[in-house]
Amino acid sequence: MSKFTITGTVEKVAIGVGFWGIVDQNGNNYRPINMPAQLKYPGKTITVVAQKVEEGASIFMWGTPIKIISFTT
């Protein structure tokens, strides 16, 4: 799968047990499957290089699942 860059804001999403997400400048939602601890600060603006991942069944009904390859803050 191809890599792409996302610039957005970190959110702690309070759905179910809760999880971390990224909302980009266009309002698109992304759900990292491997959110680094350095990025887990609500409201923080970040830029990540990511790739979409395929998931089987998931309890999360929010955002596009992604794998973060690299990041800057």
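Charge tally around Val53: other residues with Cβ under 14 Å, Lys/Arg +1 each, Asp/Glu -1 each, net +2.
So which GluC sites (Glu not before Pro) in the chain end up in coil per DSSP with only 11 or fewer other C-beta atoms within 10 Å? Answer by residue number: Glu54, Glu55.
Val23 sits among other residues whose Cβ lies under 12 Å from its own Cβ, and their net charge, with Lys and Arg +1 and Asp and Glu -1, is +1. The dipole here belongs to the chain: it is taken about the Cα centre, uses +1 on the Cβ of Lys and Arg and -1 on the Cβ of Asp and Glu, and is about 160 debye. Residues in the range 33-45 carry Karplus couplings, in order, of 8, 9, 5, x, 4, 5, 9, 7, 9, x, x, 5, 8 Hz; the curve used is 6.51 cos²θ - 1.76 cosθ + 1.60 with θ = phi - 60°, and Gly or Pro positions show x.
Below 13 angstrom from the Cβ of Lys44, what's the summed charge of the other residues (Lys, Arg +1; Asp, Glu -1)? Show your work: numbers first, answer last.
Working: positive: Lys12, Lys40; negative: Glu11.
Residues near Lys44 contribute +1 overall.
At full extension, Val23 and Val53 could sit 9.1 nm farther apart than now, given 0.36 nm per residue minus the alpha carbon distance.
Each reported figure results from applying straightforward, stated rules to the coordinates on display, with no laboratory input. For clarity, every value in this text was computed on a predicted model and none was experimentally measured. We place every Cβ from the backbone using ideal geometry, glycine too, and count neighbours over all the protein chains shown.
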